[in-house]
1. Taking θ as phi - 60°, what are the ³J(HN,Hα) couplings along region 28-43 by the Karplus curve (6.51, -1.76, 1.60), each to the nearest whole Hz, with x for Gly and Pro?
2. Would you calculate the separation in nanometres between label points at A280 and D337, each defined as 7 Å from the Cα along the Cα-to-beta-carbon direction?
3. Taking the Cβ-Cβ separation of E78 and N302 as r and a Förster radius of 22 Å, what is the calculated FRET efficiency to the nearest 0.05?
4. Helix 272-295 against the longest principal axis of the chain: what's the angle in degrees, Cα atoms only, rounded to the nearest 10?
5. If packing is taken as the average number of other Cβ atoms within 10 Å across a peptide's residues, how do 153-163, 139-149 rank, most packed first?
6. With a 10 Å radius around each residue's Cβ, average the other Cβ atoms per peptide and rank 314-325, 265-276, highest first.
7. Per-residue counts of other Cβ atoms within 10 Å, averaged by peptide: what ranking do you get for 6-16, 28-38, 47-57, highest first?
8. Label points 7 Å out from Cα along the Cβ direction at K185 and V61: separation in nm?
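Since every read-out is calculated from the coordinates, none of them should be taken as a lab result. Everything numeric here is computed off the predicted structure, so don't read it as measured data. Neighbour counts run over all protein chains shown; Cβ positions are idealised from the backbone, glycine included.
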Amino acid sequence: MTHVRQQRGLNAIKAYVPGKPIDEVQREYGLKNVIKLASNENPLGPSPKALAVMKESLSRVNSYPDAQNHNLLKALAEHLGIRPEQLTVGNGADGLIMQTCLAYLDEQSEVIVSQSSFPVYDIYTHVMRAALVKIPLRNFGLDLEAMLQAISDKTKLIFVCNPNNPTGTIVTAAEVEAFMNRVPKHVLVIYDEAYYELVDSPDYPDTLRYIRDGCTNIMIIRTFSKIYGLAGIRLGYAVAQPEILAPLNRVKEPFSVNLLAQAAGVAALEDQAFLEKTVASNHAGRIYLYGEFERLGLPYINSHTNFVLVRIGPQATAVQEMLLNKGVIVRPCTGYDLPLFLRITVGSQTQNVRFIEALESTLQDLGRLHSD
Ligand SMILES: *Cc1c(COP(=O)(O)O)cnc(C)c1O
């Protein structure tokens, strides 16, 4: 027994549960060929250009990385058409969410999030002992109107996950415009656009326009983890006015973006071909999954991302475990308050077919499919 007490906020926190790693499932279930469709990773691997510069950079890892992130910020600013001072980079989008909460929250603060959204917002809100205000989904999407109604004098941050993880839905440019017009200026709205490059809807907002127009209560967070296939090196960026970013830089780890990540980020931005290949592969895979879910009689939510939320029903947990036995890792959604659903990452075509075969035989084992 220890007499050392943990920080008072921590009891409220459920630690983030990542997708099960492949080697763990191989060991536990005695399986060789395991596929993971649980963490929205890029099935095509990392950007080849990023991989090449990381190999070249390996011999320099005895040095600290550039604390100013000069080359990366310059490349990003050009890529996005904004000024380098309006940008900061971090140890994944997760690192930037953490920095934002550390920089802006205290015990008196309230944070508005959607129920069934990305859980990292909740974690750092609790770390800062701020109050979390959770707004229920509306038609599986974020309810911006209800979020607006929930604003109080204590509200400091609103997290808008767009597209939303785990539902895959978007809020539109028109909704965002109406929302931003009415959010009071003391409230910072954070658009988490982790899947931004995968969205092809004409209704999706161009949030960077707000930055260029001088809006002072908006921040956009994006990542290299998904589209560029670089989840393992941890690189994300945030866009906001310099005075909004300054507090984030005060709380950051001294070298929050490592040397390999800085080099990889610059190269990935030049890898347009890989980005397009990923978008095309994801699009085809998503359509394949939709067709198969329809054939199996499973309702799903139309997605703007590289994952699909599918309704299994009360047997969702059983199905997820039976899939594990067959070497297919998918994401349960009990932690997202959607216990009847599973979240399936769109994989390569081989992986998608393997998943559907495993799912179909699982449903058969449960007596849920009847052959004519
Ligand atoms: C994957 C994901 C992130 C995390 O991105 P990292 O850069 O890997 O930390 C953030 N937000 C959402 C909505 C995500 O799905």
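1. The phi angles translate into 5, 9, x, 10, 9, 9, 10, 10, 10, 10, 10, 10, 6, 7, 7, x Hz.
2. Taking the simple label geometry, A280 and D337 are separated by 4.1 nm.
3. Values: r = 34 Å, r/R0 = 1.54.
Result of the calculation: an efficiency of 0.05.
4. Helix 272-295 sits roughly 40 degrees off the main axis of the chain.
5. On the way: 153-163: 22.1, 139-149: 17.5.
So the peptides 153-163, 139-149, ranked by packing, come out 153-163, 139-149.
6. Numbers: 314-325: 16.6, 265-276: 18.6.
Descending mean neighbour count gives 265-276, 314-325.
7. 47-57, 28-38, 6-16
8. The modelled label-to-label distance comes out at 4.7 nm.
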